[in-house]
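Working notes, structure below.
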Amino acid sequence: MRILSVVHQHDAGPGVFGDVADAAGHELEEWVPAEAAPPDPSAFDAALVFGGAMNVDQEADHPWLRPEKQLLRSLLERDTPLLGLCLGGQLVAEAAGTQPGRAPEPEIGWHEVELLPESREDPLLGPLPERITAFQWHSYAFPRPPGATVLARSPVCFQAFRIDDRPAWGLQFHAEVTSAIVGSWLDEYRRDPDAIRIGIDPEAIRAETDERIGEWSELGRGICERFLAFAAP
């Protein structure tokens, strides 16, 4: 398959999702919206939309968000299998008809996520346990899009949804990250005013990441494998 990989910044790439796609022999085409015009949506069999430090409502600061949102709406209309993570999940939610906004509080680091009963039959999240400890880095969150089923939540916000009549999902947690990706974000955490405001301890998060990342990477690979299997013609 030919898969569109939407990367909003170079330290927030596909991580283990890229490894899974490569191992399966798929063609992963990277698009950085700030650097190039949108590609033809008809050219792809599936799309992955990753995270970024910008927010969905910052079109004035990041005007490339407008054509990206239009591309995502086109992918939804074409029933192209679509999976968004963190910012990517929020963008998929907006393309589906809702308006993400600031969460009650940021979630940065490892946080508990509850898988809801509705997730049991989901093609992507069905095999996951009822509770997971997920890596997160976000200050915004998505409401439930129209015609969507919420699949997971944390004490702060919804964590996963599936559009019922489209092959599209949004995750708030970062299932794609590697130890190197998390490390690069922690190295630059002072660029995030919310991380400073809530007083994160980067070294504590780094140590917890060292303990959890192996199991977490396996969980992320499984989600990606199931998404690609679902998307396969």
Checklist entry - Loop-only check: which GluC sites (Glu not before Pro) in the stretch 10-56 are DSSP coil with at most 12 other Cβ within 10 angstrom? => result E35
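By the gyration tensor of its Cα atoms, with a ≥ b ≥ c the square roots of the eigenvalues, what is the shape of the stretch 103-198: rounded for a/c under 1.5, prolate for a/b over b/c, or oblate?
Numbers: a/c = 2.14, a/b = 1.75, b/c = 1.22.
Note, shape of the stretch 103-198 comes out prolate.
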Checklist entry - Rounded to the nearest 0.05, what FRET efficiency is calculated for A53 and R73 with R0 set to 30 Å and r the Cβ-Cβ distance? => result 0.80
Item to check | Computed [θ] at 222 nm, deg cm²/dmol, the chain (DSSP H ≥ 4; -39,500 (n - 2.57); rounded to nearest 500) | outcome: -10000 deg cm²/dmol
Checklist outcome for this item: Checked against the structure, the computed Cα extents along the principal axes in Å among [x] 44, 40, 34; [y] 64, 37, 32; [z] 51, 40, 35 is the one labelled [x]
Item to check | Protection-proxy order for peptides 101-108, 77-84, each taking the mean of Cβ atoms within 10 Å per residue, highest first | outcome: 77-84, 101-108
Checklist entry - When Lys and Arg each count +1 and Asp and Glu each count -1, what net charge do the other residues less than 13 Å away from E94, Cβ to Cβ, add up to? => result +1
Item to check | Karplus 3J(HN,Hα) series, Hz, for the stretch 107-120 with 6.51 cos²θ - 1.76 cosθ + 1.60 (x for Gly, Pro) | outcome: 10, 10, x, 9, 9, 6, 10, 9, 7, 7, x, 5, 7, 4
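Just so you know, all these numbers are worked out from the coordinates, no wet-lab data involved. Small disclaimer: the values here were computed from a predicted structure and weren't measured. Cβ coordinates were reconstructed from backbone atoms using ideal geometry, including for glycine residues, and neighbour counts include every protein chain displayed.
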